[in-house]
Amino acid sequence: MAGTARQAFEAILDADALVVASPVYKGSYLGLFKHLFDLIDPKQLAGKPVILGATGGSERHALVIEHQLRPLFGFFNTQIVPTGLYATEKDFDDGAVGPALSERIGVAASQLARLIEPAPALQPA
Ligand SMILES: Cc1cc2nc3c(=O)[nH]c(=O)nc-3n(C[C@H](O)[C@H](O)[C@H](O)COP(=O)(O)O)c2cc1C
């Protein structure tokens with residue numbers, strides 16, 4: 001495997017959590033995106049906390065997160081946060097993230113943080 005590809009794999013495998021996103025092409029995630037994950041042994045991602053995201057030309061394909069990305073990362077036995085992040089051009093204002101998307105990012109990030117933080121020790125009754 002070439003150096004750049006190897007670095008990408010190592011970054012994915014070493015990460016405490018993943019924010020996984022793809023543009024929507026022809027109603028689905030990119031072929032290259034799928035190819036990348038096809039090369040990963042499913043056991044290597046098991047239990048990893050994940051936020052799912054996608055961008056599209058319109059809202060029409062927003063459910064690509066629920067119908068395609070979520071099953072794929074379920075196959076990998078990752079821990080996927082409930083809130084997915086779908087964005088179109090309308091979610092950006094002069095390149096800056098707009099308020100609705102910003103709020104969803106905050107919700108997804110706090111869900112992710114709960115998966116990463118160690119559970120508090122049980123207190124004696
Ligand atoms: C070949 C091609 C197919 C596309 N198919 C879809 C599609 O099925 N549904 C959709 O919402 N957007 C579609 N788009 C729009 C892209 O999703 C959109 O341009 C992209 O998410 C914007 O992200 P980017 O600025 O990182 O490219 C398509 C774009 C291209 C070039």
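Take the residues of region 60-78 that are outside any loop (DSSP other than H, G, I, E, B) and farther than 13 Å from GLY27 by Cβ: which is most open to solvent (accessible area, probe 1.4 Å)? Let's see the steps before the verdict.
Quick first cut of region 60-78, residues outside any loop (DSSP other than H, G, I, E, B) only: 60-61, 64-75.
Filter again for farther than 13 Å from GLY27 by Cβ, leaving 66, 70-75.
Values: GLU66: 74, ARG70: 54, PRO71: 71, LEU72: 21, PHE73: 0, GLY74: 37, PHE75: 127 Å².
Top of the filtered list is PHE75.
From the set of residues in region 1-55 that are open to solvent by less than 70 Å² (accessible area, probe 1.4 Å) and of a type in the set (Ser, Thr, Tyr), which is farthest from ALA109 (Cα to Cα)?
If we take residues in region 1-55 being open to solvent by less than 70 Å² (accessible area, probe 1.4 Å) and of a type in the set (Ser, Thr, Tyr), then SER28 is farthest from ALA109 (Cα to Cα).
Looking only at region 23-36, decide whether some residue is within 14 Å of the ligand (Cβ to nearest atom), free of Cβ contacts under 8 Å to residues at least 12 places away in the same chain and small (Gly, Ala, Ser).
Taking region 23-36 first, the residues within 14 Å of the ligand (Cβ to nearest atom) are 23-33.
After this cut, where a residue has to be free of Cβ contacts under 8 Å to residues at least 12 places away in the same chain as well, the list is 25-26, 30-33.
Keeping just the survivors that are small (Gly, Ala, Ser) gives 31.
Yes, region 23-36 contains a residue that is within 14 Å of the ligand (Cβ to nearest atom), free of Cβ contacts under 8 Å to residues at least 12 places away in the same chain and small (Gly, Ala, Ser).
Within region 79-108, can you find the residues that are of a type in the set (A, V, I, L, M), under 14 Å from the mean Cα position of the chain (by Cα) and open to solvent by less than 50 Å² (accessible area, probe 1.4 Å)? So that I can check it myself, show each step before the final result.
Residues of region 79-108 of a type in the set (A, V, I, L, M): 80-81, 85, 87, 96-97, 100-101, 105, 107-108.
Those left that are additionally under 14 Å from the mean Cα position of the chain (by Cα): 80-81, 85, 87, 105, 107-108.
Hits for region 79-108 are ILE80, VAL81, LEU85, ALA87, ALA108.
Considering (1) within 15 Å of the ligand (Cβ to nearest atom); (2) under 22 Å from ALA113 (Cα atoms), say which one VAL64 fails and leave the rest.
(2)
Quick one: which residue in ALA2, ALA8, ALA46, ALA17 is away from the ligand (no atom under 12 Å from the Cβ), closer than 23 Å to GLN79 by Cβ, at pLDDT below 95 and of a type in the set (A, V, I, L, M, F, W, C)?
Working: ALA2 fails: closer than 23 Å to GLN79 by Cβ; ALA46 fails: at pLDDT below 95; ALA17 fails: at pLDDT below 95.
Of ALA2, ALA8, ALA46, ALA17, the one residue that is away from the ligand (no atom under 12 Å from the Cβ), closer than 23 Å to GLN79 by Cβ, at pLDDT below 95 and of a type in the set (A, V, I, L, M, F, W, C) is ALA8.
Are any residues in region 79-101 assigned to a loop (DSSP other than H, G, I, E, B) and away from the ligand (no atom under 14 Å from the Cβ), and if so, which ones?
Filtering region 79-101 down to residues assigned to a loop (DSSP other than H, G, I, E, B) leaves 81-84, 88, 94-95, 98.
Listed by number, the residues that qualify are VAL81, PRO82, THR83, GLY84, ASP94, GLY98.
ALA121 - would you say it is in contact with a helix residue (DSSP H, G or I) (Cβ under 9 Å, 6 or more places away or on another chain) and open to solvent by 40 Å² or more (accessible area, probe 1.4 Å)?
Values: in contact with a helix residue (DSSP H, G or I) (Cβ under 9 Å, 6 or more places away or on another chain): no; open to solvent by 40 Å² or more (accessible area, probe 1.4 Å): yes.
Judged against the criteria, ALA121 is not a match.
Residues of region 20-37 being more than 14 Å from LEU72 (Cβ to Cβ) and either assigned to a strand (DSSP E or B) or in contact with a Cys (Cβ under 7 Å, 6 or more places away or on another chain) (or both), which ones?
Answer for region 20-37, where residues must be more than 14 Å from LEU72 (Cβ to Cβ) and either assigned to a strand (DSSP E or B) or in contact with a Cys (Cβ under 7 Å, 6 or more places away or on another chain) (or both): PRO23, TYR25.
The values are calculated or read from the model by the stated rules, or taken from the named source; none is laboratory data. This is a predicted model, so every value here is computed, not measured. Because the Cβ atoms are built from the backbone with ideal geometry, glycine has one as well, and the counts that use them run over all protein chains shown. Ligands, DNA and RNA are stripped out before the accessible areas are found, and what is left, the full protein with its side chains, is counted by its heavy atoms. Shrake-Rupley method; radii C 1.70, N 1.55, O 1.52, S 1.80 Å.
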